[in-house]
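The values are calculated or read from the model by the stated rules, or taken from the named source; none is laboratory data. These numbers were taken from a predicted model, which means no experiment stands behind them. Heads up, the Cβs are rebuilt from the backbone with ideal geometry, glycines too, and the neighbour counts pull from every protein chain shown.
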Amino acid sequence: MEEKSTAQIDHHFDIKAETFSQWAHKAVDWIINYLENMNRYPVLSSVAPGDIRSKLPAMPPEQEESFEKIFNDFEKIIIPGITHWNHPRFFAYFSITGAYPGVIAEMLSAALNVNAMLWKTSPSATELEEVTLNWLRQMLGLPETFDAIINDTASVGSLCAMAAAREYAGLHIREKGMAGLPALTIYTSNQAHSSIEKGAIILGIGKDNVRKININDRFEMRTELLTAAIEKDIAAGKKPICIIGTIGTTSTTSIDPIERIADICEHYNLWFHIDAAYGGAAAILPEYRSIFSGWQRADSIIVNPHKWLFTPIDCSVLFCRKPEVLKAAFSLIPEYLRTREDDAVKNFMDYGVALGRRFRSLKLWMIIRALGTFKIQHVIREHIAFAGKLRKMIELHPNFELLAPTPFSTLVFRFAKSGLDQDRLNQLNQELLDAVNATGEVFLSHTVLNSKFTIRLAIGNIKTTWVDVERAWEILQQKADELNN
Ligand SMILES: *Cc1c(COP(=O)(O)O)cnc(C)c1O
């Protein structure tokens, strides 16, 4: 009797294949309708804090629920609280794209559900990552000396690079920890992304040992101050380990003097890390390579395909010219993760924090193949051209001013009618940004530059056309007029 009742249990605990088929097809139709009709949605969600949570049951269901009901809630409850990052009029932070081939790859990768920790745990996942990143390296014009790995984010990639820098200092911190050592110091500009400081916190370097070097009027690191800071630290018995330059800072997209920083790193034998999370994508344009001059001298470089290379979040690439140092920083192999092939293959778990790794190369590979280098170049070139065109219009407007150069596709500017003091202008620009975003038609964000509240408009979605950019500019002028009257 016992046996019979066991045999009667339906072992299809997951939803049935027919149900999957029905809802997967519905989901694909929904996705197409969504992505082709984004203008029906306000770019920025207008819900209040707690609105979404209050519509959801606090307790998990005990019984199965129909997919119809679940999908209905997705549309009715979840979608209103979505900020539409895939919208062509999303100009805030850095505009991104989850292009169609990437969406397909994410579906397939969920179905395969592989863990790319070891070569053996999915040879294709490891080898496709190697091949695709080698393609990307060539597309960006980096030499063969660079190895690469995909991480979830630039924050984690930079953390790994800084851990490699710490290893490179040769202080055996991996074994002994940091007690009794002189303070380690790292150097970056005061425009560097906050992830650099966070990395220093996590690695035990400490916020106080991050030297935020001052910048020139173009928001680029002043290398004479960099050298002075290093000399001062050495004289005080500290141990400099790393300089981090940025190509495309987050606020203004400024570019640090890469060749000169490389010289300084070589002189002091410091690890040179470059954060090009956003800007790095522009290296795909041969005519833009001069901007990147010297980056091949870095020990490690971050480029985020999930920022300006149309890949769904998350996909961040860490290029590294000293992979053996990165491996020395991270590799730790317990018996249960040893394989017979260890000597012949790359096991990506040896080069970073996480053991388990998603099959992220699949989406990058599908995007590069489905679009091709020429089309990707074309879109990036177009985004830069749109930014240049809008820059000219802002320049000519009597009541707006640009606040930094525009090396890529991101503009920083403000409403600046003469005769108003700084506080009033800051307040007006905050109000202007709020009014523009409240239209729901576009979404822009802000930064603060030299105490000036600054509006930021970043172009980067694959579907963005000049009409979208022009519309943002019309709304900005119209709302500025309204506020001004
Ligand atoms: C966006 C950005 C980051 C952070 O990227 P994540 O992948 O979200 O961690 C780091 N550095 C720069 C320059 C960026 O623009």
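Being of a type in the set (Val, Ile, Thr), over 29 Å from Asn115 (Cβ atoms), surrounded by 21 or more Cβ atoms within 10 Å (Cβ to Cβ) and in contact with a helix residue (DSSP H, G or I) (Cβ under 8 Å, 6 or more places away or on another chain) holds for only one residue in Ile150, Ile213, and it is Ile213. None of Val412, Val436 is more than 22 Å from the chain's Cα centre (by Cα), crowded, with 17+ Cβ neighbours inside 10 Å and either over 30 Å from Ala105 (Cα atoms) or not assigned by TED's automatic domain parsing to the domain that holds Cys315 (or both) except Val436.
In the range 11-46, which residues are among the aliphatic types (A, V, I, L, M), under 21 Å from Gly81 (Cβ atoms) and modelled with pLDDT of 95 or more? Within the range 11-46, Ala27, Ile31, Leu35, Val43 qualify. Under 8 Å by Cβ, and 6 or more places apart or on different chains, what pairs join a residue from the range 64-77 that is outside the structural domain of Gln22 (by TED's automatic domain parsing) with one that is among the hydroxyl-bearing types (Ser, Thr, Tyr)? Listed pairs, sorted by first residue: Phe67/Thr19.
Taking the conditions exactly as written (out of contact with any strand residue (DSSP E or B) (no Cβ under 8 Å at 6 or more places or on another chain), within 30 Å of Ala472 (Cα to Cα) and part of a loop (DSSP other than H, G, I, E, B)), does Pro61 satisfy them or not? The answer is no for Pro61.
Scanning the range 313-337 for residues that are of a type outside the set (A, V, I, L, M, F, W, C) and either more than 16 Å from the ligand (Cβ to nearest atom) or closer than 12 Å to Ala148 by Cβ (or both) returns Ser316, Arg321, Lys322, Pro323, Glu324, Lys327, Ser331, Pro334, Glu335, Tyr336.
Among the residues of the range 166-188, is there at least one that is basic (Lys, Arg), within 16 Å of the ligand (Cβ to nearest atom) and touching a Leu at 6+ places or on another chain (Cβ under 9 Å)? Looking for residues that are basic (Lys, Arg), within 16 Å of the ligand (Cβ to nearest atom) and touching a Leu at 6+ places or on another chain (Cβ under 9 Å), one finds none in the range 166-188, hence no. Among the residues of the range 257-281, how many are small (Gly, Ala, Ser) and away from the ligand (no atom under 16 Å from the Cβ)? Within the range 257-281, residues that are small (Gly, Ala, Ser) and away from the ligand (no atom under 16 Å from the Cβ) number 1. A count restricted to the range 235-256 and to residues that are more than 16 Å from the ligand (Cβ to nearest atom) and not β-branched (Val, Ile, Thr) stands at 6. Screening Arg358 with (1) in a helix (DSSP H, G or I); (2) surrounded by fewer than 21 Cβ atoms within 10 Å (Cβ to Cβ); (3) of a type in the set (Lys, Arg) gives one miss only, at (1).
Only residues that are of a type in the set (S, T, N, Q) and either within 21 Å of the chain's Cα centre (by Cα) or buried (at least 16 other Cβ atoms within 10 Å of the Cβ) (or both) were counted across the range 440-476, and they come to 5.
Taking first residues from the range 160-186 that are without any contact (Cβ under 8 Å) to a residue 60 or more places away in the chain and in the same structural domain as Ala329 (by TED's automatic domain parsing) and partners that are in a loop (DSSP other than H, G, I, E, B) and among the charged types (D, E, K, R), the Cβ contacts under 8 Å between residues at least 6 apart in sequence or on separate chains come to Pro182/Lys238; Ala183/Lys238; Leu184/Lys238; Thr185/Lys238. Filtered by the rule that a residue be of a type in the set (A, V, I, L, M, F, W, C) and in contact with a helix residue (DSSP H, G or I) (Cβ under 8 Å, 6 or more places away or on another chain), the range 162-200 gives Met162, Ala163, Ala164, Ile173, Leu181, Ala183, Leu184, Ile186, Ile196, Ala200. Taken over the range 110-125, residues that are touching a helix residue (DSSP H, G or I) at 6+ places or on another chain (Cβ under 6 Å) and surrounded by fewer than 19 Cβ atoms within 10 Å (Cβ to Cβ) amount to 1.
Residues in the range 40-58 that are touching a residue at least 24 places away in the same chain (Cβ under 8 Å) and outside any helix (DSSP H, G or I): Tyr41, Pro42, Val43, Leu44, Ser45, Ser46, Val47.
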